[in-house]
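Bear in mind that the values in this text are calculations on the coordinates, not laboratory data. Just so you know, these numbers come straight off a predicted model, no measurement behind them. Cβ placement follows ideal geometry from the backbone for every residue including glycine, while neighbour counts extend to all protein chains displayed.
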């Protein structure tokens with residue numbers, strides 16, 4: 001199909017068709033994935049007392065997920081590119097669903113740590129795999145909004161999952177002799193297995209294999225993706241495996257992602273506890289879940305609006321860095337607001353979730369603007385795996401400081417924890433803002449994608 005014969009209406013209709021076909025299903029996949037990753041935050045409210053897990057044990061178990069995730073992230077994404085998205089994403093979802101359900105049998109810290117590590121191994125490659133998969137269908141100038149829509153699943157997993165998790169723990173407790181936290185892991189793990197099977201039926205490896213597209217639509221998508229990849233090459237993009245690791249931009253983005261993710265998971269894993277300590281009774285799990293919906297619901301709207309505005313203006317750096325700056329304000333509120341100030345604490349949590357989710361949706365348009373081919377698979381996976389080590393450090397930071405403060409009888413350690421998180425987020429924002437487009441012959445200079 002000659003490019004000049006394509007009308008704007010046909011192009012818009014084609015990409016709209018693709019978005020409506022892919023994004024809702026991928027959205028569901030990510031909801032069940034993310035729910036299995038973070039439901040341990042709700043389980044903690046009851047499981048810690050049953051199993052005598054203190055804050056240090058919980059924080060290590062919550063974070064060790066990301067060690068397994070880190071080790072297997074790059075190999076998993078490279079395998080996805082080789083064997084195809086359908087088979088590999090289905091494999092990821094089925095195995096992690098089984099492991100997640102197995103948490104109902106945990107009785108000791110050893111098995112808690114082991115299953116969290118294995119859950120990270122099983123899930124490794126899912127998120128960067130989806131980001132890579134979207135590059136097969138959408139050129140760079142359309143990707144921020146699509147990624148933002150897909151990633152609203154993070155917020156919606158918490159909007160939906162928070163009250164559901166609370167209700168399961170409150171109303172299923174004691175059924176057939178199982179505790180609420182055991183039912184939580186079982187009932188939220190099995191849907192991942194079911195959705196994994198559906199991936200084999202509903203997902204196509206790429207536009208060429210999509211029978212629901214017409215030939216002109218397939219040709220249009222192929223032309224736009226080819227032109228997008230060619231423009232990456234003209235800006236000194238990297239295409240091979242080692243090229244990704246030789247590019248300093250990949251390492252710079254890894255640091256930025258680490259900064260944002262550390263704050264995100266620190267708050268995500270501890271939000272149920274933070275809200276419960278605002279004055280909830282120890283068994284008011286549903287109330288904790290309902291209050292948790294507020295920050296995540298607002299964050300879902302904020303991230304989509306930020307992604308849409310970024311696509312419309314073509315600006316990426318400030319949309320990403322601005323999100324981190326908003327999150328910093330929320331962290332400072334939590335650092336200095338008295339413990340039982342419900343409204344201000346919820347405002348702080350809302351600013352953190354809205355800021356970080358707005359940041360992450362726009363962030364991924366930066367590395368995908370210069371990476372393509374095998375380098376995209378490896379580079380995206382490396383950035384994501386290094387960044388997700390923040391999922392280990394963030395919960396550990398809060399957990400260790402809480403444990404130390406309790407041992408010393410000096411409060412809950414929140415002030416120091418959130419000050420440290422805000423400093424790290426500021427580093428990420430500064431690196432993002434200071435990035436400049438690479439000049440000819442300087443491919444290793446951090447590049448800002450527009």
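Taking the C-alpha atoms only, the angle from helix 85-102 to the longest principal axis of the chain is near 0 degrees.
Label separation (residue 28 vs residue 105): 2.9 nm, computed from points 7 Å beyond Cα along the C-beta direction.
Gain in length, residue 178 to residue 227, computed as 0.36 nm per residue apart minus the alpha-carbon separation, to one decimal in nm? Intermediate values should be presented prior to the final figure.
On the way: separation 49, 0.36 × 49 = 17.64 nm, distance 5.65 nm.
That works out to 12.0 nm of additional length.
Taking 8 Å as the Cα distance limit and 6 or more residues as the minimum spacing, I'd like the relative contact order of the chain as a percentage.
Working: 824 pairs, mean separation 112.7, N = 450.
Once normalised by length, the contact order is 25 percent.
If R0 is taken as 35 Å, the Cβ-Cβ distance between residue 255 and residue 171 corresponds to a FRET efficiency of 0.20. For the chain, the longest principal axis of the alpha carbon atoms and the long axis of helix 140-171 meet at an angle near 20°.
Give the relative contact order (percent, whole number) for region 169-322; include only Cα pairs under 8 Å separated by 6+ residues. Write out the running numbers ahead of the final one.
On the way: 46 pairs, mean separation 21.7, N = 154.
The value is 14 percent.
Against the chain, whose longest principal axis is taken from its Cα atoms, helix 40-51 shows a tilt of about 30°. Here the contact order of region 128-198, divided by its residue count and restricted to Cα pairs under 8 Å and six or more residues apart, works out to 16 percent. Ordered by the count of other Cβ atoms within 10 Å of each Cβ, fewest first, 145, 86 give 86, 145.
222 nm [θ] for the chain, helices only, -39500 (n - 2.57) per DSSP H run of 4+, per residue, to 500? Walk me through the intermediate numbers first.
On the way: 17 runs with 351 residues, N = 450.
Calculated mean residue ellipticity at 222 nm is -27000 deg cm²/dmol.
Once the Cβ-Cβ distance of residue 290 and residue 343 is raised to the sixth power relative to R0 = 22 Å, the FRET efficiency obtained is 0.90.
For the pair residue 215 and residue 82, what calculated FRET efficiency results from E = 1/(1 + (r/R0)^6), where r is the Cβ-Cβ distance and R0 = 22 Å, to the nearest 0.05?
Details: r = 27 Å, r/R0 = 1.21.
My answer for the efficiency is 0.25.
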